[in-house]
Amino acid sequence: MMPLLWAASARHLLRHPAQLALALIGLSLGVATIIAVDIATASSGRAFELSIAAVNGAATHQIVGGPQGVDERLYADLRTRAMHPWQSQPAYAPVVDGYVTVGEQTLQLVGIDPFASSELEVRGARWNKQAERVEADRRWFTEPGAVILAARTAQQLGLATDRKFALDVGGVRHSATLIAQIQDAGAGYDALILTDIAQAQEWLGMAGRLSRIDLRVPEGSGGESVVAQLRARIPADAQLHEARSRTRASLDMTRAFTINLQAMSLLALLVSTLLIYGAVSFAVLQRRRIIGVLRALGATRAELLAIVLTEAAVLGLVGAGLGLLLGAAIGRELISLVSQTINDLYFVVAVNDTTLPPSSVLEALVAGFGTALAAALLPALEVAGSAPQLALRRSVLEASAVHLARRLLIVSAVLGMSAGIVVAASSRSLLAGFAALFMLLLSVAAATPAVLRGLAKAAAAIAGRASPVARLAFSDIAASLSRTGVAVAALGMAVAAMIGVSIMVESFRESLREWLGHTMRADIYVTAPGPGAERPERRLQPEVIRALLATPGIADHSESRRVMVESPSGPVALDALKLAPKSYAGLQLTEGDARDAWPEFERGAVMISEPLAWRLQLKKGDPLTLATGSGPREFRIAAVYREYGNDRGNVLMSLGEYRRLWHDEGITALGLYLAPAEQPARIMPGLRAAARGRQALLIRSNADIRALSMSIFERTFVITRVLYWLAAGVAAVGLVSALLAWQLERSHELAIVRSLGLTPNGAALLIEAQTGFMGIAALLAAIPAGLLTAIVLTDVINRRAFGWQLDLHLTSAQFTNALLLALTAALAAGLYPAWRTARTAIAADIREE
């Protein structure tokens with residue numbers, strides 16, 4: 001019997017290539033979305049790790065200081081005063097680093113001492129000739145502005161060896177000379193520009209200071225003893241950290257961002273699960289007579305179960321393989337979007353190589369194989385457990401489908417309540433928030449078949465009074481739930497996700513817009529150019545500040561200094577402010593009273609943003625420990641304020657208190673308030689003239705800053721839109737597959753109706769009306785779930801991922817777009833079945849039975 005069963009299985013699949021292809025396309029898209037996100041995030045993360053590894057070399061620990069770095073005399077002291085003679089001595093290497101701009105590309109400038117930093121392989125880099133290496137060694141120390149680049153980076157910038165070029169540091173232009181290129185450099189060198197440490201100090205304005213001191217400490221108890229002694233030796237304004245933990249902390253900044261992307265990719269796979277379920281169910285339904293005959297002839301339930309599951313397993317493996325190839329192609333395009341977002345929000349990274357983690361390959365195979373098996377299990381058990389005589393009756397199948405739809409309503413309610421329980425029971429878990437989200441989406445999928453049947457029966461009763469054909473069309477939808485229910489459920493789930501994500505994005509956009517309008521009080525903002533607002537080299541030159549403030553039309557100004565400071569929880573962004581009277585109202589406090597908070601602020605207390613308060617679980621009145629120039633110090637939190645500019649969080653401190661504790665006179669930005677009746681467009685040319693020849697500055701009006709911030713926001717959410725359109729595409733493919741199978745099965749019925757007078761165009765219109773109605777049914781089932789999804793995304797997931805509190809914003813466009821998606825997908829899915837029905841000869845379909 002088994003050879004006969006295998007032959008029947010293969011024959012059926014080969015006779016329905018379109019249905020098979022659509023199922024493979026849907027599964028492949030689901031797997032491809034996961035792979036593409038993995039490639040994009042892994043490639044960006046890997047590029048950053050390689051850059052850090054290239055800079056750190058074999059360093060195991062780092063000595064870091066405050067915003068102005070470490071006094072270089074500490075390095076000399078550590079090198080000249082050895083540890084106990086019986087102990088292993090650590091290796092030291094001084095480093096000065098910062099960001100520079102060459103043309104349109106941002107690079108990390110790393111100043112090193114090649115004698116101490118051999119682990120960076122600067123002296124070991126492979127030049128074309130030994131003579132060239134010796135010459136480069138000599139010029140490294142003797143030629144001002146000497147730098148070394150990776151050969152690939154030099155080619156991208158159009159630079160050749162011995163060529164002079166300009167680089168920009170915080171708006172100040174310097175001249176550099178490329179003295180050598182590193183051949184066959186690893187990917188970690190793509191974003192680096194190497195120079196002598198003294199040259200880096202000059203360019204970055206860090207005379208007598210180091211960014212950090214790298215150490216290589218031996219492993220084991222001896223190394224632990226060395227670390228303990230070093231902690232006792234270094235001054236109060238310096239800290240000793242493990243190099244690996246600081247790298248991991250930098251990568252952890254993007255954790256919430258990547259988890260959100262991965263969750264969106266899993267949505268596409270979840271939709272494809274229903275698609276595979278539908279495909280396998282249709283394959284079983286189309287063979288119900290053959291299966292009934294085979295069961296009557298002696299085929300066992302185990303044999304039929306094995307056949308159906310094997311078909312699904314093969315489908316899953318092939319779909320996973322195709323998804324792996326498609327995901328690699330999509331991932332290469334997605335890399336630019338992901339890396340641009342990381343550059344905008346977190347750190348500078350140059351991604352030139354594509355990374356496909358081995359775990360992603362395994363993930364693709366398991367996802368495809370597991371999804372297909374899980375989706376096929378229910379129809380396989382159903383066909384294996386049915387009696388032979390009942391398998392021949394369509395009425396039994398549809399009655400079973402109706403009974404299942406009613407039970408799924410209970411499942412839908414249970415899933416919805418479970419989602420609420422999970423949210424209530426897990427106060428901070430991001431994974432629990434995503435679990436609740438997927439429960440909501442599954443609840444709409446479970447409820448959709450019953451909604452579809454109820455709406456179809458109601459439409460048949462109403463439309464039947466006007467047209468028997470309309471009654472037939474809608475009654476047929478209600479009577480074919482086994483075929484249409486799953487496909488419409490998949491579409492409903494995708495539409496619910498689209499509504500939820502659209503509301504979340506719009507809520508975020510409007511919250512950000514309102515926050516910018518409330519916070520941006522000054523008329524004009526002036527900053528030094530370059531990435532990383534907290535970088536110490538991004539500061540305004542004192543003489544430039546004096547010239548700017550002397551420009552006619554300036555009535556008042558605010559000053560700020562943004563830096564990174566150490567805390568027990570890792571580096572924290574600190575904004576030191578000297579505010580103009582009009583600036584105080586710009587801060588929206590969510591905890592604390594402005595009448596009490598601002599006097600405390602002026603006396604030395606700090607304010608923290610909502611993201612930082614959420615991440616560190618702090619509130620008003622709690623202490624916050626920061627590493628100052630005289631050692632760790634506790635600051636009282638006077639208030640918590642709303643902020644959307646940094647998902648890691650910020651600390652606000654008065655500029656006077658900051659200067660007293662960190663001895664840093666730098667200014668990062670100015671907020672300029674104009675005299676009455678003055679306009680930014682008239683004043684800004686004078687400001688640019690005041691800075692010309694001294695420092696290239698970013699001088700923008702209040703409106704320009706808001707527009708720039710919104711453009712970065714829109715660029716960030718392009719990735720989210722790409723992913724939910726992929727999920728919608730998977731659902732549309734599933735609907736096409738389901739409708740194609742449905743129309744093929746009912747071709748005999750349609751032929752009879754046509755023989756009674758229905759025209760070919762009328763038959764095509766009938767099918768399009770049915771598919772359009774199914775799209776509307778999917779939308780109606782999705783709207784309440786979409787609203788709940790939006791609430792979970794804004795109040796639970798965004799809160800737990802980033803600490804932001806968003807206000808819900810609803811617009812008609814969010815639902816109009818969902819309606820267009822549902823109708824477009826449904827009507828497009830019915831085009832081919834409608835065309836086929838209109839062109840097929842009536843006699844052929846009648847004889848087929």
Compute the distance in nm between two label points, each set 7 Å from the Cα along the Cα-to-Cβ direction, one at Arg513 and one at Asp807. 1.2
Please give every one of the lysines within straight-line cross-link reach of Lys164, meaning a C-alpha to C-alpha distance under 26 Å, and leave out same-chain neighbours fewer than 8 residues apart. Lys129
In the full protein assembly as shown, how much of Thr824 is accessible to a 1.4 Å probe, in Å² to the nearest 10? 90
Determine, from the Cβ-Cβ distance of Thr759 and Ser400 and an R0 of 45 Å, the FRET efficiency 1/(1 + (r/R0)^6), rounded to the nearest 0.05. 0.80
Give, as a single signed number, the net charge of other residues whose beta carbon lies under 15 Å from the beta carbon of Gly621, with Lys and Arg counted +1 and Asp and Glu -1. -2
With each label point set 7 Å from Cα along the Cα-Cβ vector, what nm distance links Ala458 and Arg633? 6.8
Bins of 10 Å from zero: percent of alpha-carbon pairs in segment 444-547: 12, 20, 18, 12, 11, 10, 11, 6, 1
Carbon and sulfur atoms: what percent of the 1.4 Å accessible area of segment 447-487 do they account for? 68
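Under a Cβ-Cβ cut-off of 14 Å, what is the net charge of the residues other than Ile608 that fall near it, where Lys and Arg count +1 and Asp and Glu count -1?
With Lys, Arg at +1 and Asp, Glu at -1, the net is -2.
Sort Trp203, Trp835 from largest to smallest accessible area, using a 1.4 Å probe on the heavy atoms of the protein chains.
Numbers: Trp203 15, Trp835 140 Å².
Order by accessible area, largest first: Trp835, Trp203.
Could you rank the peptides 148-157, 462-471 by their average count of other C-beta atoms within 10 Å per residue, with the highest value first?
Values: 148-157: 20.1, 462-471: 13.9.
In decreasing order of mean packing, 148-157, 462-471 become 148-157, 462-471.
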Taking the full set of protein chains and a 1.4 angstrom probe, give the accessible area of Asp622 in square angstrom, rounded to the nearest 10. 30
So, taking all protein chains as they sit and a 1.4 Å probe, how much accessible area belongs to Leu362, in Å² rounded to tens? 110
Which order do Met439, Met774, Met417 take by accessible area at a 1.4 Å probe, largest first? Met417, Met439, Met774
How high is the FRET efficiency between Leu362 and Ala677 when r is their beta carbon distance and R₀ equals 60 Å, given to the nearest 0.05? 0.35
If I model a spin label at Ala160 and Arg301 as a point 7 Å from the Cα along the Cα→Cβ vector, what separation in nanometres do I get? 8.1
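Could you order the peptides 613-620, 788-795, 630-637 from most to least packed, using the average number of other C-beta atoms within 10 Å per residue? All intermediate terms of the calculation are to be shown ahead of the outcome.
Numbers: 613-620: 17.5, 788-795: 23.0, 630-637: 14.9.
The peptides rank, most packed first, as 788-795, 613-620, 630-637.
The values are calculated or read from the model by the stated rules, or taken from the named source; none is laboratory data. Note that the coordinates shown come from a computational prediction; the quantities given were computed from them, not determined experimentally. Note that each Cβ is placed from the backbone with ideal geometry, even for glycine, and that neighbours are counted across all protein chains shown. Just the protein is used for accessible areas: all its heavy atoms, side chains included, with ligands, DNA and RNA removed. Shrake-Rupley method; radii C 1.70, N 1.55, O 1.52, S 1.80 Å.
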